[in-house]
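Notes for the one structure printed next.
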Amino acid sequence: MQVKMSEYLTAVKPDMQKLVELLKKDFAYVSVLCTDVTGTTYLVGQRQTSVGDYHFNERGFVVRVYENSCYMEYSFNEYEDIEKLASTITETLKKELHMMEELGIEKMEAPLIHEEKIEKSMTGEIGVDPTSVSPEEILGRLKKISDTGAAGKYVIEFRAAAQFAHVSKLFLSEKKDLMQTYAYAEGMAAAIGVDGEKQDMVFRGFSGLKGAELLDEIEGSVDDILKMLDDKLHADSVVPGMYDVITAPEITGLIAHEAFGHGVEMDMFVKERALAKEYVGKKVASDITSMKDGAASAAEVSSYLFDDEGTLGTDTTIIKDGTLVTGISDLLSALRLGTTPTGNGKRESFERKAYTRMTNTFFTTGDNTLEEMIASIKDGYLLDGAQSGMEDPKHWGIQCMVSMGREIKDGKLTGKVVGPLTLTGYVPDLLKSISMRSDKTELFGTGACGKGYKEWVKVSDGGPYLKCKVRLG
């Protein structure tokens, strides 16, 4: 079914077009982003049941103007008279600029935006509209999942959750008239278990440009989660050292996100905080390694027609055959660097500024099967279960927390499990060690990425299975 555009944004669009027209009398550039995001989160466990608003729900507007070589913004979520609003915005922003000049506050100057005339729209599609399913029915499905999982050996708690989001946005300027409406769903199942004195947890996430059909995927995961919990509860500690490993797509995505996701965000190029700036056009990975980002590069939770600055989403190749080709950028960073924006300007909400943010970040596929990759390893591990990661874009260090490693000896899985694990390394060393890639890619979009003052946006990451060499501890 097609996702419906927000009736509220449709109703206010003429007023926002009028607002742009009025503000153009005083400013060289004017745009307005109009947002209406709704959604609901459901959680069921053995000890709790809850229903609440989705974290990213919002309804509001942000105006951007250009005055005296810099950009200023004004956000609001309600208004009565559009002409009065235009006067208030003009007076407030000009007063703020005058105050900055009087106090000697340095302005972040940038060239004037020159736009091409564009009128485009995007309407997403999903299987089952979650608003057509009652909250009681959704909670009932999740309770069934929770109860089935809770009956497993060692389990003391089993939780199942689902959240459904409906995104509608307008971007209007003198030359742009853009509209998008789409929906996505996220879900998870998590088991907490105890055996003797050892306690552990297993988490599995689900996501996509989907509706209530996601509940079927969550329901089908229970047996796998219980098996993973058993493995984790009986895992041994790893002997620290360098190993040949195969990273499951979830771990591959974590490496992509931390290594060359944050590392190539070009607002960090402007601030001289990213080592990657010095390596554009140079080898940073093995010849078989390629990596992408972009709202148009995949269909996941961070896929859209345009970003929060009105730049159309792109399919950006970051690494091609081992060479760093480009970074990703928001519009203002691109203006300051003299580059082409890649459609990565994203805001946590209309009340927050736009940063360069990742969208769908992933390594591309190869032509190996997983069986071939396992057979190629004499002594190593198949890593599974991403937990968290950290990076240092200025020095290219990376650290990833991994749930478990399945031992490989002489090309075969032995059945032995180690974990939890810490994967560390220097990004170019890790990427240059990539020697095999599987023939299938999977992306994961259940998480969010923080930046700035812990401002969160939806992202996805992933890729194929990768064979590489890393340090485990």
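The values are calculated or read from the model by the stated rules, or taken from the named source; none is laboratory data. In this text, all values refer to a predicted model and were calculated from it rather than measured experimentally. Backbone-built Cβ (ideal geometry, glycine too); neighbour counts: all protein chains shown. Keep in mind that these areas ignore ligands, DNA and RNA; they rest on the heavy atoms of the full protein, side chains included. Shrake-Rupley method; radii C 1.70, N 1.55, O 1.52, S 1.80 Å.
Can you give the calculated 222 nm mean residue ellipticity of the chain, where each DSSP H run of n ≥ 4 adds -39,500 (n - 2.57) and the sum is split over every residue, rounded to the nearest 500 deg cm²/dmol?
Value at 222 nm, helices only, nearest 500: -7000 deg cm²/dmol.
Report, by chain and number, residues whose modeled amide H sits under 5 Å from the one on Lys416, excluding near sequence neighbours (fewer than 5 apart, same chain).
Here Glu407 satisfy the definition.
So what's the gap between the Cα centers of the range 58-117 and the range 212-255, to the nearest angstrom?
Each part's Cα centre sits 48 Å from the other's.
Distance from the Cα centre of the range 333-374 to that of the range 393-453, in angstrom?
18 Å
Per residue, how much accessible area does the range 72-150 have with a 1.4 Å probe, in Å²?
Per-residue value: 69 Å².
For the range 242-254, just list the computed ³J(HN,Hα) in residue order, Karplus coefficients 6.51, -1.76 and 1.60, θ = phi - 60°, integers in Hz, with x standing in for Gly and Pro.
8, 9, 6, 9, 10, 9, 5, x, 5, 6, 4, x, 5
Which whole-number value in Å² is the accessible area per residue of the range 341-403, probe 1.4 Å?
39 Å²
Which ³J(HN,Hα) values, rounded to whole Hz and listed in residue order, are derived for the range 358-368 from phi using the Karplus coefficients 6.51, -1.76 and 1.60 in 6.51 cos²θ - 1.76 cosθ + 1.60 with θ = phi - 60°, glycine and proline given as x?
5, 10, 10, 10, 7, 7, 7, 6, x, 10, 9
Near Lys153, which aspartates and glutamates are there with a Cα under 16 Å away, not counting those fewer than 8 places off in the same chain?
Leaving aside aspartates and glutamates fewer than 8 places away in the same chain, those within reach of Lys153 are Asp195, Glu197, Asp200, Asp223, Asp224, Asp230, Asp231.
Determine the sum of side-chain charges near Glu115: Lys and Arg each +1, Asp and Glu each -1, restricted to other residues whose C-beta is under 15 angstrom from that of Glu115.
Local charge sum for Glu115: 0.
If you add up the charges near Asp129, with Lys and Arg at +1 and Asp and Glu at -1, over every other residue whose beta carbon is less than 14 angstrom from its beta carbon, what do you get?
On the way: positive: Lys4, Lys210; negative: Glu125, Glu137, Glu213.
Local charge sum for Asp129: -1.
Filter Lys169/Lys292; Lys94/Lys176; Lys409/Lys467; Lys84/Lys117; Lys107/Lys271; Lys282/Lys440 down to the pairs with a C-alpha to C-alpha distance above 18 Å, please.
Distance filter (> 18 Å) returns Lys169/Lys292; Lys94/Lys176; Lys84/Lys117; Lys282/Lys440.
Quick check: net charge around Ile82, other residues with Cβ under 11 Å of its Cβ, Lys/Arg +1 and Asp/Glu -1?
-3
Could you size up the charge dipole of the range 309-460 around its Cα centre, putting +1 on the beta carbon of Lys and Arg and -1 on that of Asp and Glu, and report it in debye to the nearest 20? Let's see the in-between values first.
Values: 19 positive and 19 negative charges, 89 e Å.
Rounded to the nearest 20 debye, it is 420 debye.
Using bins 20 angstrom wide from zero, how does P(r) for the chain break down, in % of all Cα pairs?
Bin by bin from 0 Å, the calculated values are 23, 51, 24, 2.
Could you list the GluC sites (Glu not before Pro) in the range 23-100 that lie in coil according to DSSP, counting only those with at most 12 other Cβ atoms within 10 Å of their Cβ?
Glu78, Glu80
Quickly work out the Val133-to-Glu21 label distance, labels modelled 7 Å from Cα along the C-beta direction, and quote it in nm with one decimal.
With each label point 7 Å from Cα toward Cβ, the separation is 4.5 nm.
Is the shape of the range 209-255 rounded, prolate or oblate, going by the alpha carbon gyration tensor and its root eigenvalues a ≥ b ≥ c, with a/c under 1.5 for rounded and a/b larger than b/c for prolate?
oblate
According to the square roots a ≥ b ≥ c of the eigenvalues of the Cα gyration tensor, what is the shape class of the range 143-249, taking rounded for a/c under 1.5, prolate for a/b larger than b/c otherwise, and oblate for the remainder?
Oblate.
Over the range 1-73, with every protein chain in place, what whole percent of the accessible area is carbon and sulfur at 1.4 Å, could you tell me?
So the carbon and sulfur contribution to the accessible surface is 45 percent.
What list of ³J(HN,Hα) couplings, whole Hz, do you get for the range 342-348 from phi and the Karplus terms 6.51, -1.76, 1.60, once you set θ to phi - 60° and write x for glycine and proline?
Ordered by residue, 3J(HN,Hα) equals 9, x, 10, x, 10, 10, 4 Hz.
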